[in-house]
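The values are calculated or read from the model by the stated rules, or taken from the named source; none is laboratory data. In this text the structure is predicted, and so the values were computed from the model without any measurement. With ideal geometry, Cβ positions are generated from the backbone for all residues, glycine too; neighbour counts draw on all protein chains shown. With ligands, DNA and RNA removed, areas are computed over all heavy atoms of the protein, side chains included. Shrake-Rupley method; radii C 1.70, N 1.55, O 1.52, S 1.80 Å.
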Amino acid sequence: MRGKITLDGEWLIKGTDGRRGSPESYCAATIDERTFTAAQVPGEIHLDLMRAGIIDDPRIGTNALRARWVEEQYWIYRRVFYAPDEAVSAPAAWLVFEGLDLDADIYLNGELVGSHHNAFCPCRLNVTERLLPGANMLAVLLDAGLHGVGERSASEYLPGRNDSSLHKRMWLRKPQYQFAWDWNPRLVNVGIFRPARLEWGETLRLDQLSLYPVLSADHSSATIHVRAHIDNNSRVPVAAAIRVVVANEQGCEITKEAELFPGLTTLNSALELANPRLWWPRPHGDQPLYNVSVELLVNGQVIDQMSRRTGIRSVRIQRDAHPDGGEYFIIMVNDVPVFCKGGNWVPADMIYADVDSGRYRALIGQAVNENMNTLRIWGGGLYMDHAFLDACDEAGMLVWHDCIFACSKYPAGDPAFLDEVRREITHVSRELSPHPSLAVWCGNNELEWGAWSWGYDRGRAHPDHALFHLEIPRILAKEDPSRPYWPSSPYSPDYLPPNSPIIGDQHPWHVSIQENRENFYAYRGDVSRFPNEGGALGCSSPATLREFLPNDEQYYLSPSWEYHDNEIAWQAHSLMNEEWFAAWLGMKPQELDLDTYAFYSGALQSEALLEYVNNFRRRMWSTSSAIFWMFNDSWPVTHGWTTVDYYLRRKLAYHVVRRAFEPVQVIPVVEGDTLTVYGVNDMLEPWSGEVRYGFSRYDGRECAEERAPALLEPNSATVLGSMPAPKDARFAPNLALVYAALWQQDQPVRQNRMMLCRHKEIAWSKPDVSIAREPGHCVFRSPVYVWAVCLDPDGDQNLPDDMFDLLPRVPYRIPWPENRELPCLVRCGNL
């Protein structure tokens, strides 16, 4: 068996620009270390400098601007480790760094032993016969990547005036969002951000273990394909065997013998499993997981072993012809269509070394509570790790995973770059293959769209087309054939524009960014088949604003406010939020106090996301997703796209989206002169009750209502009823809205509504809300319509519900413990 010692813990670091001796000189076996600073591995240079008091937290105020010098330095890590005798005398020994960002030269006892240039792949260096007995000096010289691409071209790949000419991010295999996106500032990470260790053992070792299931057509059996990737570090062939075992499954074991030649060999084996327990996305079923272990044997002795968890499921994309033109786009799991409800995941911190499994699980727990079943891993971040995907496997959360290419052309015509990407995709696809939650591999974010519409034919024309249409799919077909590959997002086959609404997947940015910039009612006519981006900006809560804005800058448009604001909001020399306030509320943000502004901004974001989700869910299965941009933040922002902010507070839109994503929902829609009510049921069992729907005046004086029995068929959308719109002026759009509610056992259990004009045009009534206690609940009532009842503007209280509407004389119940003081109405939206 292999031995190992961790190299995690305390190191020393020093930054240099090369003016006081060459960077390499700091990697000598012995040097003066008095000017070095303490550092932690795993970690990142900004974090170390914060601990030392050299820089301030870049997530606060404008501190990130003052820390930009960090990315320009060379950084030297040093530490002494003590090699055990068995490591010094072992047939083979390796230094292993699981994550280096980015360009690294590694020195052992003053000797260069290897280099590395990819943050997405581990660095493994053979140091056999290079270890000294006892103390060894290990030094890592690395930089953020900027020096190595200083003479590379950027304008060929991102034409126009932008800062890519300074950083050339398209050449660097590291998270692209570090170089600034609309929702993240430029903060180029550098450091040893994942664990490091010394390993030793026999010359044979298991390099990676990949596995995937193939489910029989009738689901009565499954084949688990196991691939052991074995590295032979000797110069001669070695006779060996692998033993594969599926834990707790009688007779599910196989041994395979082979002669392993020097270098890397892949041994394939397959195990048959009768009556498998199937893994399902939520809410369709349970998430049973199987433990698969592989032992590497030489002369009958185990010299290495690995184990992985996996789930048995099939996944494919159904793309049958659509009767209205184009195609369907439906993710099928175990041959059952899944309506994908969720958001886009971006790195959970601007310094991603500062994210641990606890933060993953907290965020995924929030997504589960928000009734999501899908997260899209956006292509400008980083490949997710086992800790993240383990949590998704357990939660039944489907994952659409972009490869890490976003919003740029990439130099795939460069042989060294192409080889690095081939190695990266091979490694990542093997490593993540066991996870059943990983449903779709996608080539990139928006590169196809750029090739069609953003001038990517200027400069170096289409340099990466074959990367996404030949190289990556060819690797994935070989390494990870259990899940579909999609070339880009958005992408339309049949040579249609990539964002065509009738085929493929879509990023419906006509709201917020394009022609319907402030008009989120435009979602109502969107027929997109699989929308997986699109959204609206909303202000963070007052508690969050006060946490990252300096005390003297806690006001609208302060310097720190602007720096933390979304870049999209400032495009076209017109502030998006001010356009929205004027168009919908008739308000001017600069005339509002911070708390009032934050509330109404959050309320508008809530309205936009409700329109987004309602529209796409009621079109099930013509549309088969409602995935918005975006779920989580990478740093604290003034305006953001998310429903959960950087500090894990629930924004005002959180509960609105949570209710819109409820497995059973009712959605009223007015088209022309007719109100149609849709019942949506994501469950695999029918739902029955009563539906009540109609037109209600805001003042509660009159309503035109219909009632009917309601049967919602499983996993489908059902038309529950319709009625003509009243011609009576008493129900004019500014006086009345449409509503629908599902009732069971004489209690309302779901409600929804559609407004027919903008909020500033509505004849609002003064709120009159009563709050009473019932067993296990508190109940809200009002004789008039109340928009956006808000109990917790700061998002700190972990309430079961918030930001709900009150229909006139319809009770609204939320769970409430008997020993908890009744909540208070803090704000509502009535103007």
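Here are the numbers:
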| read-out | value |
| --- | --- |
| 5 angstrom amide H check on residue 315, placed H, neighbours 5+ away | 334 |
| The chain, accessible surface, carbon-and-sulfur percent (1.4 angstrom probe) | 48 percent |
| Surrounding net charge for residue 537, when Lys and Arg each add one and Asp and Glu each subtract one, Cβ distance under 10 Å | -2 |
| Nearest-0.05 FRET efficiency for residue 163 and residue 554, computed from C-beta distance (R0 30 Å) | 0.55 |
| Cα Rg, Dmax, the range 296-381, angstrom units | 19.6, 64 |
| Estimated [θ] at 222 nm from DSSP helical runs (n ≥ 4, -39500 (n - 2.57)) normalised by residues in the chain, nearest 500 | -4500 deg cm²/dmol |
| With 10 Å bins from 0: P(r) over the range 468-580, alpha-carbon pairs, percent | 12, 28, 25, 20, 13, 2 |
| Full-extension gain in nm, residue 761 to residue 357, via 0.36 nm per residue minus C-alpha separation | 140.7 nm |
| Residues of the chain: accessible area per residue with a 1.4 Å probe, Å² | 36 Å² |
| Label point 7 Å beyond Cα of residue 570 along Cβ direction - residues of the range 632-647 with amide nitrogen under 19 Å | 634-642 |
| Alpha carbon centroid spacing (whole Å) that separates the range 103-123 from the range 701-725 | 65 Å |
| Calculated FRET efficiency for the pair residue 798/residue 52, C-beta based, R₀ 30 Å, to 0.05 | 0.25 |
| Where a label projected 7 Å from the Cα of residue 10 along Cα→Cβ would reach, residues of the range 107-141 with amide N under 20 Å | 135-140 |
| Cβ-Cβ FRET estimate between residue 671 and residue 771, R0 fixed at 35 Å, reported to 0.05 | 0.45 |
| Chymotrypsin sites (Phe, Trp or Tyr not before Pro) restricted to the range 490-577 and DSSP loop, no more than 15 other C-beta within 10 Å | 495, 555 |
| Rg/Rg_ref, the range 1-50, where Rg_ref = 2.2 N^0.38 Å and atoms are Cα | 1.40 |
| Pairwise label distance in nanometres, residue 223 with residue 25, each label 7 Å out on the Cα-Cβ vector | 6.3 nm |
| Long-range HN-HN contacts of residue 8 with modeled amide H, under 5 Å | 196 |
| Per-residue HN-Hα couplings for the range 448-457 [Karplus 6.51, -1.76, 1.60; θ = phi - 60°; Hz; x = Gly/Pro] | 5, 4, x, 5, 7, 10, 10, x, 6, 8 |
| Long-range amide H partners of residue 721 with built H, under 5 Å | 677 |
| List 824, 539, ordered by accessible area with a 1.4 Å probe, largest first | 824, 539 |
| Inter-part distance where the range 742-806 and the range 555-632 are each reduced to a Cα centre, Å | 21 Å |
